[in-house]
Structure formats: C-alpha cells, structure tokens
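A short write-up of the structure that comes next.
The values are calculated or read from the model by the stated rules, or taken from the named source; none is laboratory data. Predicted model, so just to flag it, every value in this text is computed and none were measured. Quick reminder, even Gly has a Cβ in these numbers, built from the backbone with ideal geometry, and neighbours come from all protein chains shown.
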Amino acid sequence: MQPATEIKKNPKILAEINRRRTFAIISHPDAGKTTLTEKFLLFGGAIQTAGAVKSNKIKKHATSDFMEIERQRGISVSTSVLSFEYHDTLINLLDTPGHKDFAEDTYRTLTAVDSVVLVIDSVKGVEEQTRRLMEVCRMRDTPVIVFVNKLDRDGKNPFDLLDEIESELNIGLHPLSWPIGMGKEFKGVYNLFDKELLLFKPNQKVTAEDVPLKDLNDPVLEKNIGEKYADQLREDVDLFEGVYGDFDRGRYQDGKLAPIFFGSAINNFGVKELLETFIRIAPVPQKRKVTTGIVEPTDKKFSGFVFKIHANLDPRHRDRIAFLRVCSGEFERNKYFHHVRLNKDVRFSNPYTFLASQKDVIENAWPGDVVGLYDSGNFKIGDTLTEGEDFYFTGIPTFSPEIFKEVVNKDPMKTKQLEKGLVQLTDEGVAQLFTQFGGNKKIIGCVGELQFEVIQYRLKNEYSASVELVALPYYKACWITSRDPKKLDEFIKFKPSNIAEDKDGHLVYMAQSEWFLNTERTNNPEIEFHFFNEVNK
Ligand code: G4P
C-alpha cells in the first residue's frame with residue numbers, strides 16, 4: 001500500500017476522491033425512491049422535467065439496453081447509474097430495482113456504494129424490504145441517512161416512528177430535521193443541523209420557503225406556524241437536544257448512527273436540505289477489503305471490481321455491459337489492466353460513464369466512479385481488475401434463493417447453446433445455478449417468479465434454447481462446511497438427493513422446509529449451514 005508521503009505527491013487523486021460521493025437510494029417499493037431520485041436529478045441539472053425518471057426516459061438514455069420484458073411489464077429490472085454534479089461535488093447515484101424479485105441485484109449494488117439514503121413511508125413505517133436492505137447495509141457497516149417521506153399525509157407520530165425505526169432496524173437515529181404537524185396540518189420542518197425553519201407550501205412546485213431564525217424563541221416562529229405548533233416544536237427540540245446531543249459524524253460514517261430527515265419528495269419538500277446535508281456529511285470513496293488486505297482509494301495503482309452485468313437484448317449485439325466500480329488509482333481508456341480471474345491483460349477502447357442523461361466515452365475515471373465496459377462474455381460478478389496484483393475484492397454476498405426449478409431441455413440439438421446460456425446468465429447474476437451432486441440435473445434458484453420468466457425468455461431469444469422449468473419442492477439452499485471433512489463426506493453420502501454444487505463447486509444443502517433444515521442442523525452439529533455465501537471469499 002502507498003505511504004502517506006506518496007499521497008501528498010499525488011494531490012490530483014486526493015482532489016478527485018474528495019469531490020466524489022457514490023451512493024444508492026433504497027426503499028420498500030412505493031415509499032418514494034423514484035420520486036426522490038428524480039428530485040435529486042432535477043437539483044443536479046441532470047434532468048429538466050419531473051416525470052422523466054418514472055417514464056424511464058433517463059434510463060433509456062443512460063443505459064439504452066433495456067430488456068424487452070422490462071418494457072412489456074413496465075417494471076424496472078436493472079440497476080443503472082446516474083452521475084451528476086451538484087455545486088462542486090460529483091455524485092454517482094446507483095439506482096436499484098424496486099421489484100423484490102430482483103432484490104439480489106440491489107444487494108450487490110450496495111457493495112459498490114459508500115453510503116445509502118433509505119426512504120421510509122411515514123404512513124407505513126418500516127416494511128419488509130426495508131428490513132432486508134438494512135441487514136445488507138449492516139453487514140458492511142454502510143453509513144445510512146433516513147428520509148421519512150410523505151409528510152403531506154397523515155402518517156405515524158414522528159416519535160413513534162423514531163422508536164419503530166430504531167428498534168426494527170437496530171440502528172441509533174439522530175434527527176437532523178423535525179416535522180411540524182403532518183397531513184393537512186403539515187407546516188414544515190425545522191432543520192436542526194442549520195437551525196432553520198422550512199415552511200411547507202402545499203401545491204407549490206418550487207421548494208420550501210426558508211425562514212431564518214435567530215433561535216427557537218424568535219417570535220417569527222409564532223407568526224409562521226402559530227402558537228400551538230411553535231410551543232410544540234420548542235418542547236420537541238428541547239427534548240431531543242437533551243437526549244441526542246451534538247450530531248456525531250464519525251458514528252454515522254462508521255454505520256452506527258443514522259441521521260434522519262423528514263419531508264415530502266413529491267412536493268420537493270425537504271429534498272434540497274437532504275441533498276445539501278448529504279454532500280457535507282456523506283463519506284467520500286472509502287477503503288475496501290481485498291483477499292490480501294486493504295485497498296486505499298489513494299493507492300497509486302488502479303483497482304476495481306464488477307458488481308453488475310447488464311445484458312444487451314438487442315439480438316444483433318450479444319455484448320453485455322459490465323459495471324465496474326473504481327476502488328483505487330486511476331482507470332484509463334486503452335490501458336492494459338490485469339483481469340485477475342482469467343489471468344490475462346485486457347483493455348477497453350470505449351469505456352463510458354453515466355454523466356447526466358447520456359452515455360459518454362471517457363478517458364479516465366477515479367475512485368468512486370462506475371465505468372461501463374463492453375463485454376463479450378469475459379466478466380462475471382465479483383471479477384477484479386488491477387494493474388498486475390493478484391487479489392479480489394471481498395464481501396459481495398449471494399443469498400439463498402427462494403424458488404427452485406429444474407431445467408429440462410426441450411431441444412437436445414441445442415444442448416451446447418443451453419449450457420452456454422445458463423453459464424452466462426448466471427454469471428450476470430440473474431439467478432443461481434446448482435448441479436445436483438453426483439448427477440447432472442441443473443437447478444436454477446431465484447428470489448421471484450419473474451426471474452424465471454426472464455431466464456426462459458432470454459434462453460430462447462439469445463441462445464435459441466427451449467427449456468421447461470419444473471418446480472422443485474425446496475425452500476432454501478444452504479452452503480455447508482465443516483471443520484471435519486469426514487463428517488461432511490458422511491453427511492453428503494446420506495443425503496445425496498438434497499446435495500448440490502453451486503457454480504464455483506461449493507457444496508449446498510437443499511432443504512424442503514424449515515422443519516427439515518432445523519432437524520438436519522440439530523442432528524448434525526458438526527456441519528455449518530450458511531444462509532449466504534460470498535463471492536471471492
Ligand atoms: P418507489 O420508487 O419507492 O416505488 O416509489 P415512487 O417514487 O414510485 O412513489 C410511489 C408513490 O408514492 C407514487 O404514487 C408517488 O407519486 C407517491 N409519492 C412519492 N412521494 C410522495 C410524497 O411525498 N407524498 C405523497 N402523498 N405521495 C408521494 P403513485 O400513485 O403510485 O404514482 P404516480 O401516479 O403519482 O406516478
């Protein structure tokens with residue numbers, strides 16, 4: 001790794017790192033992620049009109065290669081990246097699919113960000129997907145900012161929401177804004193970070209009106225929100241100034257404390273404050289764990305990893321696009337880099353970034369950036385590029401699928417194509433592929449039914465392979481290990497029909513039900529059952 005003096009000699013990279021923020025907005029579907037994303041882009045000048053994100057206009061420009069199934073179903077399957085500048089900060093916003101069937105894609109995207117903004121619906125509070133997303137953030141100690149949305153509706157009491165979020169998501173909170181009323185009575189929020197009052201003007205397209213206050217005893221408060229709400233606000237602020245004290249940015253950046261904001265994305269209320277505070281407190285590109293230690297963003301040598309592969313469904317172009325997160329050094333167009341898994345040198349003549357609403361070929365990229373690389377089948381999720389060193393980035397999770405189907409080949413003449421298709425699609429992370437132990441039954445595991453449709457459609461359209469997908473009665477696949485290889489061998493011998501290998505040859509136990517799984521765990525204490533695996537362990 002590079003000594004500190006080297007970094008001083010390389011102020012260019014430090015300046016590039018310091019002006020970047022790479023993050024994702026995550027939420028349970030319908031909480032307001034798309035709306036908030038759109039408002040951020042409006043502030044960043046990346047789009048000019050509201051509604052553009054929703055109608056996929058942006059995405060079409062930014063990634064262009066939409067899957068037919070996405071168009072037909074009108075759902076967003078893929079993760080895209082949008083980069084824009086706000087003041088002097090370069091923001092890389094990694095979009096995540098909202099549909100829960102594609103949650104695995106979201107989890108992987110979270111490995112490529114340095115922080116997240118979590119949107120919670122003030123009416124619904126913490127929901128199922130919110131919990132799972134937070135679990136993934138916690139695995140990596142990702143810093144989280146919470147945005148409670150839809151304050152223009154009659155939602156839960158904000159104190160109850162604080163309790164609910166803290167206990168259900170198991171994270172400390174620190175309010176940086178506080179709502180005054182809600183629903184029809186929503187008056188605005190008090191910005192605790194800058195000590196400002198923001199007045200809500202319903203039905204106004206433009207943002208809130210700022211009211212500067214000397215302090216909370218300023219009679220301007222009564223004038224604007226009335227005596228009842230002024231008194232209430234003073235009482236509330238008094239209460240949590242005692243409870244929370246000063247905001248501890250270090251604990252936020254360590255992923256232990258989440259600042260919380262309130263607003264209404266659709267009304268563009270509280271969004272600018274969120275964005276401006278985000279720029280001030282969110283972490284710059286961070287160091288990352290690799291198989292040989294730690295990579296610092298300031299390391300002179302380039303390194304990065306592929307966290308997503310996006311298929312190009314245009315049948316004339318089999319190319320895929322690999323999304324590479326730059327982790328250290330400088331990425332340069334046409335320079336040879338080392339593809340660690342394939343042990344070969346590769347270069348890219350048309351790498352692109354996702355600036356504003358167009359794809360731009362770039363000459364170079366810096367830590368925190370995401371680069372799109374045309375790929376003809378050389379990449380899989382987790383692949384690492386370096387300037388010659390042999391290491392992999394770790395911590396990219398794979399979770400147990402929830403639905404399993406056997407692949408039945410309907411056209412034996414196309415067996416080769418089918419095999420190639422299965423390998424390539426699962427390299428992209430669309431689904432997981434298992435092979436029954438000792439046999440050759442191929443099993444696909446997914447999180448939702450929709451993914452099977454995507455696979456069947458793509459096998460037919462891209463590989464001319466016809467398959468039937470036959471449901472199997474499994475409920476989870478657990479990776480199994482043991483300190484005692486003999487015990488593992490015995491276990492496999494007694495349960496051959498429940499054992500499979502994943503694509504990397506790791507052993508997996510396929511459980512029919514929770515009961516079966518618990519029974520096996522109790523009967524086989526020497527076997528460890530893991531609910532998730534890591535790419536590049
Ligand atoms: P998602 O990406 O998290 O799934 O949520 P999205 O932004 O699509 O928002 C879900 C619904 O919530 C949308 O309504 C959106 O207009 C609405 N919404 C977002 N922010 C607010 C808010 O601050 N207040 C209120 N009251 N509603 C909000 P929809 O009816 O599903 O779609 P649309 O017809 O409005 O486009």
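Taking region 254-269 as the search range and keeping residues that are surrounded by fewer than 21 Cβ atoms within 10 Å (Cβ to Cβ) and not charged (D, E, K, R), which one is farthest from the ligand (Cβ to nearest atom)?
This residue is L257.
Which of the numbered conditions does I492 fail, given that it passes all the others? Conditions: (1) surrounded by fewer than 17 Cβ atoms within 10 Å (Cβ to Cβ); (2) farther than 17 Å from F399 by Cβ; (3) among the β-branched types (V, I, T).
Among (1) surrounded by fewer than 17 Cβ atoms within 10 Å (Cβ to Cβ); (2) farther than 17 Å from F399 by Cβ; (3) among the β-branched types (V, I, T), the lone unmet condition for I492 is (1).
Scan (1) in a helix (DSSP H, G or I); (2) free of Cβ contacts under 8 Å to residues at least 24 places away in the same chain; (3) more than 14 Å from Q436 (Cα to Cα) for the single condition P525 breaks and write down its number.
(1)
Taking F379 as the residue in question, decide whether it is within 25 Å of E453 (Cα to Cα) and buried (at least 23 other Cβ atoms within 10 Å of the Cβ).
Spelling it out, F379 is indeed within 25 Å of E453 (Cα to Cα) and buried (at least 23 other Cβ atoms within 10 Å of the Cβ).
Under 9 Å by Cβ, and 6 or more places apart or on different chains, what pairs join a residue from region 143-157 that is under 15 Å from L275 (Cβ atoms) with one that is part of a strand (DSSP E or B) and near the ligand (Cβ under 7 Å from one of its atoms)?
Here the result reads V146/V119; F147/S27; F147/V119; N149/S27; N149/V119; N149/S264, each pair linking region 143-157 to a residue that is part of a strand (DSSP E or B) and near the ligand (Cβ under 7 Å from one of its atoms).
With the requirement that a residue be at pLDDT 85 or above, under 11 Å from L324 (Cα atoms) and not charged (D, E, K, R), what does region 352-373 give you?
A365, P367, G368, V370, V371, G372, L373
Check region 289-309 and report whether any residue there is of a type in the set (A, V, I, L, M, F, W, C), out of contact with any Lys or Arg (no Cβ under 9 Å at 6 or more places or on another chain) and at pLDDT 95 or above.
Yes.
Does E449 fit the bill of being in contact (Cβ under 8 Å) with a residue 40 or more places away in the chain, surrounded by fewer than 20 Cβ atoms within 10 Å (Cβ to Cβ) and closer than 26 Å to L110 by Cα?
It is true that E449 is in contact (Cβ under 8 Å) with a residue 40 or more places away in the chain, surrounded by fewer than 20 Cβ atoms within 10 Å (Cβ to Cβ) and closer than 26 Å to L110 by Cα.
Report the residue count in region 505-519 for those that are assigned to a helix (DSSP H, G or I), under 21 Å from Q432 (Cα atoms) and of a type in the set (A, V, I, L, M, F, W, C).
So the count comes out to 1.
I'd like to check something: does region 171-181 contain any residue that is closer than 15 Å to G270 by Cβ, touching a Gly at 6+ places or on another chain (Cβ under 7 Å) and not small (G, A, S)?
Yes, region 171-181 has at least one match.
With G395, G388, G377 as the choices, which residue is within 22 Å of the chain's Cα centre (by Cα) and of a type in the set (G, A, S)?
G395
To keep it simple, each residue is scored yes or no on (1) under 30 Å from A24 (Cβ atoms); (2) more than 16 Å from the ligand (Cβ to nearest atom).
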residue	(1), (2)
D215	no, yes
Y229	no, yes
V271	yes, no
I281	yes, yes
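Which members of region 121-145 meet the condition of being near the ligand (Cβ under 10 Å from one of its atoms), touching a helix residue (DSSP H, G or I) at 6+ places or on another chain (Cβ under 7 Å) and outside any loop (DSSP other than H, G, I, E, B)?
Within region 121-145, just Q129 meets the criteria.
Select from region 7-47 the residues that are part of a loop (DSSP other than H, G, I, E, B) and more than 9 Å from the ligand (Cβ to nearest atom) and write down the one among them that is modelled with the highest pLDDT.
This residue is R19.
Answer with yes or no whether E501 is touching a residue at least 24 places away in the same chain (Cβ under 8 Å) and either in the same structural domain as N409 (by TED's automatic domain parsing) or over 31 Å from the mean Cα position of the chain (by Cα) (or both).
yes
Test of understanding: among A103, A62, which residue is more than 13 Å from the ligand (Cβ to nearest atom), at pLDDT below 50 and part of a helix (DSSP H, G or I)?
A62
Within region 146-177, restricting attention to residues that are within 16 Å of the ligand (Cβ to nearest atom) and within 30 Å of K289 (Cβ to Cβ), which residue is surrounded by the fewest Cβ atoms within 10 Å (Cβ to Cβ)?
The selected residue is F147.
Pick from region 92-133 the residues that are free of Cβ contacts under 8 Å to residues at least 40 places away in the same chain and in contact with an Asp or Glu (Cβ under 8 Å, 6 or more places away or on another chain): which of them is surrounded by the fewest Cβ atoms within 10 Å (Cβ to Cβ)?
R131
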